1. Which value in nm describes the separation of the simple spin-label points at residue 129 and residue 243, placed 7 Å from the Cα toward the beta carbon?
2. In terms of the Cα gyration tensor, with a ≥ b ≥ c the square roots of its eigenvalues, is segment 176-265 rounded because a/c is under 1.5, prolate because a/b exceeds b/c, or oblate?
3. With a ≥ b ≥ c the root eigenvalues of the C-alpha gyration tensor of segment 6-165, is it rounded (a/c under 1.5), prolate (a/b larger than b/c) or oblate?
4. With each run of n ≥ 4 DSSP H residues scored as -39500 (n - 2.57), what mean residue ellipticity at 222 nm is computed for the chain after dividing by its residue count and rounding to the nearest 500 deg cm²/dmol?
5. Name the long-range amide H neighbours of residue 220: under 5 Å, sequence gap of 5 or more, or other chain; modelled H, no Pro or chain starts.
6. What FRET efficiency do you get for residue 58 and residue 4 if R0 is 25 Å and r is their Cβ-Cβ distance, rounded to the nearest 0.05?
7. Return the FRET efficiency for the residue pair residue 191, residue 256: r is the Cβ-Cβ distance, R0 is 35 Å, and the value is rounded to the nearest 0.05.
8. Only Lys, Arg, Asp and Glu count, each charged at its Cβ (+1, +1, -1, -1), so figure out the dipole size of segment 116-218 about its Cα centre, rounded to 20 debye.
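The values are calculated or read from the model by the stated rules, or taken from the named source; none is laboratory data. No experiment lies behind these values; they were computed from the predicted model shown. Methodologically, a virtual Cβ is constructed for each residue, glycine included, from the backbone with ideal geometry; neighbour enumeration extends over all protein chains shown. Accessible surface is based on the protein model in full, side chains and every heavy atom, while ligands, DNA and RNA are left aside. Shrake-Rupley method; radii C 1.70, N 1.55, O 1.52, S 1.80 Å.
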Amino acid sequence: MPDREAVARRLFELTEPISLVNFLSPEPNDAMAALGLGNYWDGYFAGRSAPLGRVPAEVVHAAFYNFADGEVARHLPKVWDTTTPEAAHAAREQGCVAALRRILGDLGETPGLARAAELLAKASTRASTEGRVMYAGLRALPMPQQPVARLWHAANMLREHRGDGHIAALVCERIGGTEAHVLSALASGIYPAESFGRIHHLPAARLAAVMTGLRDRGLLDTAGRFTDAGRATKARIESRTDALAAAPYDQLKPHELDQLIASLEPISARLEATGSNSDAAG
């Protein structure tokens, strides 16, 4: 039997470049702008939260987990004065599929991509939705039939399934959203952690309080670097995340899992080579 955590980690590595076109390619942003959304973050919150419907900002804040207080509320619910959740999801899908078609080029028409999309769709629609709000929202939407669109939608579902599990792992370790960014920054070699792009804009007092809290718990030293306890905490979070992300792939037979990995490897390699964005592709 394959190591379930290792399988989940490998499939995350292979599918993440597919999902990253959401954030790194211009087509999704252009599609959102065409709806009348005037900036990147309006489009981000409209597109990603769309499967949840017109819920209050507090609900999206809880589901997304890692945004600072007030950040979601600057965009929701005002974006729904401009567009609808249905239109926002459709625009997001349209933009991401267009980006994938352009970057993948000839790979977009291969039997390997169609097989990868078929197997990802099978995996992404067979896991339990219990306790997984973002995944459940996407599961309620129809699965596209066209292979590139199916590939994107299935990869996006698996990303949110993993994300829901990651939040559970963070909650178990009593790591809040901003604290999670600090640990992630340090694990990625970013120092000082406060310079990380996702949190550097936060008020200095807020960042100082987060760092002090992590020091008081023994997870960071006085210089703001990992202690042994901090490294162990981060390792437990990642291990638990992988374990919780494995369920969709349990639905695949061993030969299907092998086929999925083999089919995804050239797709992922093409996307990684371009950084999942058009400037690099060009």
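1. 2.6
2. Prolate is the answer for segment 176-265, as a/c is 1.5 or above and a/b outweighs b/c.
3. It comes out oblate by the Cα gyration axes.
4. Computed ellipticity for the chain at 222 nm equals -20000 deg cm²/dmol.
5. Under 5 Å from the amide H of residue 220 lie the amide H atoms of 215, 227, each far enough along the sequence or on another chain.
6. 0.15
7. 0.25
8. So the magnitude is around 160 debye.
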